[in-house]
């Protein structure tokens, strides 16, 4: 298929297929979504109004046989942060979009009347239909309904009830190969989809395929690339324990935020660790190793069954387990899996919601550790949009403002995830300077600070952390454009063959001749484009700061505080 | 008494009396509170944390016999807007503070433990006590309790339940000469007082008096000044109908925001107008004319009785009646008075809360016009800090975010009051550029646009509006420093004797020789100090903007939109 731009205008309910503008041709994934958002969305518009747009773009290698290339990017102006936003996730959508020649799907405008719609994309274009049957339903019901209506192989992007209600923690679900759920998780993009009145987007690529300019060169490079991935020790740990391998490691490092960031170690860490989870999964006939998209050779996902051996959830991540666990002082993995399942169904970011619970606990709305009340609130309040449900569903920052809490772990109003920036300082630079609000995936310094990939860095020292975060953020922006999973980074940092093989694949796919420098330049250019959007939206360097409490409150066991100066943080942007 | 700075540190529970630094000597009211906040509060601190401060300062002429000079300023970093904030109000506090020689009271720090405190100020200094009896009580009970404990003449600043709960709409109540309530209303300063754990501040000035350098000159100037005030036609209208004289006038102008700013005229305007209110008050034996502080010669306040002739509320303002009335489509004055009474008691900004109700109505939480539900929510939800109560109590912007509403009339997160900026354009410049968030009192262009004071300006035209707002904001900043009520502005704009007499009084009071130019320079300097604080807190010119919907949605009857360019708005600061 020749790649095209698919455009849907929800104001006049029109659709079109457009040629790709020359300066978008070399882009994909995050590079493309951020470029389109920066070009077409007025930075000061209301994120839920008619002037915002929602953009989906598969990565440059998505839809090919390249290992781990099945990530889909989604971009917009975020209703949570007010910044530009890009999320990416696995599942089958990226591959289907790429195969049908959809380089990007742009959804713009807003219906005048109060109807709901769905989209169905095929290689022939977009069909826009009114939707009634699946409105008010959770994502699992939507998957079932859409598979019945189209086919079991139909790809799917959907929002749950929270997206319909335009809550700032609402995510967009992506169907995985087993009809389970992956998530375009952060920043409330599900609310933007809800504001466009689109409940789901069904994807059928039929027999369409991605064209490869030089198939032999592509295959040769993919072989080297896959080998590098599979051979890295972190890949092996991820395949055994999932990302949850980190519970014991980060707890040991004293950077495991506990009880709404008032301590760095959690007494109940053993009960929620990757090791414990692995044994439980095996014991109950689940799968400790599972890929979120075809072609993944790392397989950090898993199938988690309940006590009776029935499917409960999949792809439950360290950051989700930390947030529901240590941050709310909950040490019951089954209850955490239950919450993960509910959140997948109603379509909310697990990190944002669970950190919001932690702040609500501090604000006195419920008690720390009261997991049954958390489950009740999820089911009865958030799902139905009661006032309490909406407060928590609007994220941690909103809870803090609503309850007058000062210890609110957010940057640019997005919840800080599972690594305490006082005890693991490099990640704090990523939280502070990321164009997207606090987000560990934007420059995962944990790789070096804690896991020793790509060198070493003392997590308690400021030395070298700005540079570490800068280099990783630049590289990540580029990787997020290729459709690659971020977990190629460990091999990319340590195996000299890995990145060259990735670049060889890009060149073989498109018949071009990128160099390593071109890729680094792409990463830099993406960050600068995103930053320029934010500046034009009213952000300044003063938004690149952690909350005041991190500088005022030392955290045990290291009694460390956040001690970067403004100048040190701002030097991040010297490139 | 020699003027001093009274300082209270709530972290170590110490108090001190300090000499006045030389560069604060010539200041009072807003000029002093903004100078102190800018000097001592880190602009990026959390407004409810230990680094924020709460500053009270009587005006330069407060405590003297100067007509209308009894305003008290309160400054801080606002938890609602994140900007610097100054509110001023009448009542007896300014005069008592001035008489006891308290040029400013600075409250800083934050107690470590969860106890509540009260302050008692006398000419001898500050007594800090633990408080239990009056915690959890509304302002009327606090007035009763404090008068019992000290005396009926004791002045009082207090917070209601909402201030204790640190809601962003919480105000600080100031007892008036009849033991009723005036309010330091906007921006959530009651939440800051709550964060300092101070329930009330009792004020006894005994026989202390303000020293006047040249009493004869002072008396002569005051005579001229009073005459100018009393003689102005707007003063007379205010004495008859209160500020609520504006309902019919602004409705007629098509700038009376109705149904959450979706129309510019309200069908039920007659039922809530100043004329109707005047007749009701007279009929029930209330007072249509009443001063909020000793020495007021305008007397725009009133005593509003219920159907049985019992006291219900006092000083009910046009903006409050508009907000509870037209904005929520309520046309029942008695119900509005009931809500005004409840809001005085629990201590919230009537404008912020009522506009928040309008947004909640648009978000579907309650129906437009459902005044009984509004009263229920005030009594049962906001008073007790339920989730819904906290959402509305956190202000209109918070409701908008929590309910995913895009039509949210706020600037810098503070609710826009009773004049639609599409149909009365000059006031929109004040909303946009004010250092304090949307606030009509910061540069009351209505005086000229609608009431013809100080010239004329076509409210539907952009011509001259930036200059009008600029001149009024500069003058207002200076007036807010003198302790004068803003309503001297009508006379000041039209009577050539008025401003010179005011300056003569300042010179006679302090034995100085200010010129009119000095006073204008003071106003400019205050605005620039406030703006510099905001910039250092992370604000930019892009925060000087009205919400997007004002540019997208024409408002009847004029079908006007907000159409100032960014450059036009930003030119406000060219001085």
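Each reported figure results from applying straightforward, stated rules to the coordinates on display, with no laboratory input. Bear in mind that the values here come from a model prediction, so they are computed numbers and not experimental data. Because the Cβ atoms are built from the backbone with ideal geometry, glycine has one as well, and the counts that use them run over all protein chains shown.
Quick look at the values:
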item: C-alpha center-to-center spacing [region B:406-422, region B:501-525] in angstrom; result: 34 Å
item: Rounded to 5, the percent of DSSP beta bridges in region B:94-222 classed as antiparallel; result: 75 percent
item: Scaled radius of gyration (Cα, divided by 2.2 N^0.38 Å) that region B:257-416 gives; result: 1.03
item: Of all DSSP beta bridges in the protein assembly as shown, antiparallel share, percent nearest 5; result: 80 percent
item: Where only alpha carbons of region B:4-203 are counted, the Rg and the Dmax (Å); result: 15.0, 44
item: Calculated label separations, residue B:575, copies of the chain, 7 Å along the beta-carbon direction, nm; result: 4.5
item: Paramagnetic label zone (point 7 Å from Cα along Cα-to-C-beta, residue A:284; backbone N under 20 Å) in region A:292-317; result: A:292, A:300-317
item: Normalised alpha carbon radius of gyration of region A:262-315 [divisor 2.2 N^0.38 Å]; result: 1.32
item: FRET efficiency estimate (nearest 0.05) - Cβ-Cβ, residue A:540 to residue B:513, R0 41 angstrom; result: 0.45
item: Calculated label separations, residue B:15, copies of the chain, 7 Å along the beta-carbon direction, nm; result: 7.3
item: Convex hull per residue volume in Å³, alpha carbons only, for region A:531-575; result: 88 Å³
item: Computed label-point distance, nm, for sites residue B:467 and residue B:566 using a 7 Å Cα→Cβ extension; result: 2.6 nm
item: Spatial extent of the protein assembly as shown: Rg and Dmax, with the Cα atoms as the point set, Å; result: 30.9, 102
item: Modelled FRET efficiency - R0 51 Å, residue A:12 with residue A:211, Cβ distances, 0.05 increments; result: 0.95
item: Inter-copy separations for residue B:44, label at 7 Å along Cα-Cβ, nm, ascending; result: 2.4
item: Residue closest to axis [chain A; rotation mapping onto B; Cβ; Å]; result: A:387, 2
item: Span from the region A:190-236 Cα centroid across to the region B:99-165 one, whole angstrom; result: 65 Å
item: Alpha carbon Rg of chain B, scaled by the compact-globule rule 2.2 N^0.38 Å; result: 0.88
item: Value of [θ]222 nm, deg cm²/dmol, for chain A, DSSP H segments ≥ 4, -39500 (n - 2.57) each, nearest 500; result: -11000 deg cm²/dmol
item: Debye-sum result for region B:138-203 in log10 I(q)/I(0), which assumes one identical scatterer on each alpha carbon, at q = 0.11, 0.15 Å⁻¹; result: -0.21, -0.39
item: Percent RCO, i.e. relative contact order, over region B:243-420, from Cα pairs under 8 Å lying at least 6 residues apart; result: 21 percent
